[in-house]
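See structure below.
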Amino acid sequence: KPDLSAAKARLHDAESALSLARKRQALSILRAPIAGTVYGLAVQPGSYLTEGALLASVGQLARVRVRVYVDEPELGRVAVGQSVTIRWQALPGKEWEGVVERKPASIQPLGTRQVGEVLCTINNPGLELLPGTNVDAEIRTAVAENALVIPREAVHHDGAGDFVYVVKDGVIARCDVKTGASTPTLVQIASGLGQGEEVVLPSDVPLKPGDRVTPGA
C-alpha cells in the first residue's frame with residue numbers, strides 16, 4: 001500500500017510537470033497577424049528576446065511595393081495611378097506591371113542627386129521578385145504620338161531651363177527647348193527644336209557654342 005501511494009504521488013507530479021510544460025510550449029508559439037510568406041528571420045535558435053523585438057518579416061509576395069527614386073525635376077509629371085513597369089537584371093526580358101501608389105512627401109539627397117521616393121505597387125504572381133531586390137522602374141507619365149524625341153544625354157539644364165546644342169552652318173549653337181514626356185533613354189522636345197535639326201551629343205572633347213565642327217565626323 002505505501003508503494004502504491006508513492007507511485008500515485010509520482011504520477012501526479014509527472015502529470016503536473018507535463019501540464020506545465022504544455023502551457024509553456026503554447027506560450028512559446030508566436031502567430032503572425034497576417035497570412036503570408038516568411039522572407040526574413042531576425043533571430044537564431046537560442047537567442048534571447050525582448051519585448052518589441054523583430055523576429056521575422058512576413059508578407060504577401062504576390063503584390064510587392066517598390067520604392068522608386070525620381071529626380072526632383074521629373075516629379076511634377078508623376079501622379080498616383082500611373083502605370084509602372086519593373087525590370088530586373090537577374091531575369092532579362094522579364095517585366096512586372098503595377099501602378100504608382102503614393103507620391104513623395106519630401107525631397108532627399110541620393111548621392112549627388114535630389115530625389116523623391118515614389119511608392120509603387122507591383123503585381124508579382126510568380127513570386128519571382130524577391131524582397132530587397134534592386135530593380136529598374138519605368139513610370140509612364142504620358143503618351144505622346146508622333147513626338148519629336150532625342151537622346152536623354154543631349155539635353156542640358158541650367159538656371160535658364162533646358163537646352164540642347166545644335167549645329168548651324170558647321171558651328172555649335174545653344175538652342176533653348178521645352179521638354180515633354182521622357183523614357184530612361186529618350187526625351188520629347190515639345191518646342192524649340194525643329195524636325196531634322198542636327199543635335200550635338202556629349203563627347204570626350206568638351207564643346208561650347210561657337211566651336212566649329214563637322215557633323216558625323
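Some observations on this one:
- Scan segment 116-150 for residues that are of a type in the set (V, I, T), within 21 Å of P92 (Cα to Cα) and touching a residue at least 60 places away in the same chain (Cβ under 8 Å) and the total you get is 2.
- Selection count, segment 188-217, where residues are touching a helix residue (DSSP H, G or I) at 6+ places or on another chain (Cβ under 8 Å) and modelled with pLDDT under 90: 1
- Some residue of segment 152-165 being loosely packed, with under 12 Cβ neighbours inside 10 Å, over 30 Å from Q89 (Cβ atoms), modelled with pLDDT under 90 and of a type in the set (D, E, K, R): no
- Of the strands (runs of 3 or more DSSP E) that lie entirely inside segment 1-115, those containing 2 or more residues that are without any contact (Cβ under 8 Å) to a residue 24 or more places away in the chain and either exposed (fewer than 10 other Cβ atoms within 10 Å of the Cβ) or not aliphatic (A, V, I, L, M) (or both) span 95-102, 107-110.
- Of everything in segment 98-119 that is among the small types (G, A, S) and within 12 Å of the chain's Cα centre (by Cα), the residue that is nearest to Q82 (Cα to Cα) is G98.
- Residue match in segment 163-179 (condition: within 23 Å of Q82 (Cα to Cα), of a type in the set (S, T, N, Q) and without any contact (Cβ under 8 Å) to a residue 24 or more places away in the chain): no
- In segment 166-187, residue modelled with the lowest pLDDT [restricted to those that are within 22 Å of R140 (Cα to Cα) and buried (at least 17 other Cβ atoms within 10 Å of the Cβ)]: S182
The values are calculated or read from the model by the stated rules, or taken from the named source; none is laboratory data. These figures come from a predicted structure and were not determined experimentally. Backbone-built Cβ (ideal geometry, glycine too); neighbour counts: all protein chains shown.
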